[in-house]
Every structure is written in structure tokens, then in C-alpha cells.
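The values are calculated or read from the model by the stated rules, or taken from the named source; none is laboratory data. Only a predicted model underlies this, so the values are computations on that prediction, with no experimental measurement involved. With ideal geometry, Cβ positions are generated from the backbone for all residues, glycine too; neighbour counts draw on all protein chains shown. The accessibility values were calculated without ligands, DNA or RNA, using every heavy atom of the protein model including side chains. Shrake-Rupley method; radii C 1.70, N 1.55, O 1.52, S 1.80 Å.
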Amino acid sequence: MIKNFRNIEYLKHGNERQKLAFNEIKRYKIFEILEKYNPILTGTIPIEIDLPESDLDIICECENHSEFKKCLTKEFSKKEDFKVYSKNQNGIESTVAEFKTENFLFEIFGQNIPTEKQNAYRHMVIENRILNEKGVDFKQKIKELKSNGLKTEPAFAELLGLKGNPYTELLKLEIKNCG
């Protein structure tokens, strides 16, 4: 099934962990707080290949990293284990905030790239399409590989027989929209 990942309403009708994620995001008004940064929930929970320790990854578009850091600090610094930092990821300045709530570790990630063009979103859409094409057994094998310590993209690469860097090879499977 094709999901509109821009709107987290689909989580309300998902599995127990997705419903819990929806309630946690709503309770803390995460998307309302981050609205101007075009947040999207990415990662394994939206596509149902998460493990019990999987976090909630929320990507954002931020032009001004110091302003984004100030916003994250103001809004979330009182949360358990809060930290905010900047790093260079694939040559792109990135700002990350992490904190815990009752049920999840949140990771809020910002780059000066539209959220739908960020790799986390692109990977998730590709992975979701593959999961829908390959079915339940494939999904279970991905979860098993992840349980054994593999990260998501390397798990997909292994099962699909992709060679090279799994993160870049997976992006090559993206379907380009015509027109």
C-alpha cells in the first residue's frame, strides 16, 4: 500500500507500535513545534520493520542551523537525555537533536535540503516499495537481519544482492517520476 508519509495519520491505523508512536508524537506536539521545518517521520517504524529499540527519526528542512538548534533546545531541552549537535553528513551540514520520552528515543535531523529530497526519506520510500513488491517473507528476513545487528540499508542490500555502498546502491533503485 502506498502511504502518504507527509501526514502521520496513517500511524493511527497501523500496528501497536505505530499507534504508540502516533500518540507520543501528538502528546508532545512534535510536528506542530517543527511545522515550519516541514517534518517527516522516516525510518523503520513507518514501514513496519522496526525493532523494539528502534527510534523515531524525524527529518526537517532547515536553512539556518543556529536558529534550528535554538528552536530544538528551547522546545526539547527539558526532555530526558537531551542533546543537540551538528555534524557533517556526506558533505552536508546537519543538525541533530536527541531526547527520550516514555516510549521512544526521538532523533530530529535537519539539513538545508527539502525533506522529500533527503536520503532518509528517499530510502524509506524505496524500501516501502520493495517491501510491498516482495511480500511478508522478505519483510521477515529484513527484520531477522536487523535483529542480528545489520542496519536497515545493508539488510536490504544483502537480500537484494546489491554490491558496493548499500546507501548509494539503494538510491539507484529509486523510481523517477515522469513529467
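Restricting the stretch 3-15 to residues that are without any contact (Cβ under 8 Å) to a residue 12 or more places away in the chain and assigned to a loop (DSSP other than H, G, I, E, B), the residue that is least open to solvent (accessible area, probe 1.4 Å) is N7.
The condition of being of a type in the set (D, E, K, R) and over 25 Å from L145 (Cα atoms) holds for only one of K36, K3, that being K36. Only one of the listed residues (T152, T95, T101) is under 16 Å from the mean Cα position of the chain (by Cα) and touching a residue at least 40 places away in the same chain (Cβ under 8 Å). That residue is T152.
Do you know which residues across the stretch 38-61 are over 9 Å from the mean Cα position of the chain (by Cα) and closer than 12 Å to N7 by Cα? Within the stretch 38-61, N38, P39 qualify.
Quick check on the stretch 16-23. Is at least one of its residues charged (D, E, K, R), closer than 30 Å to I130 by Cβ and in a loop (DSSP other than H, G, I, E, B)? Within the stretch 16-23, not a single residue is charged (D, E, K, R), closer than 30 Å to I130 by Cβ and in a loop (DSSP other than H, G, I, E, B).
Against the condition touching a helix residue (DSSP H, G or I) at 6+ places or on another chain (Cβ under 8 Å) and crowded, with 18+ Cβ neighbours inside 10 Å, how does E127 come out, does it pass? Judged against the criteria, E127 is a match. The strands (runs of 3 or more DSSP E) falling completely within the stretch 25-99 that include 2 or more residues that are buried (at least 18 other Cβ atoms within 10 Å of the Cβ) map to 40-42, 56-61. Among the numbered conditions (1) farther than 17 Å from G43 by Cα; (2) modelled with pLDDT of 95 or more, the only one that G91 does not meet is (2).
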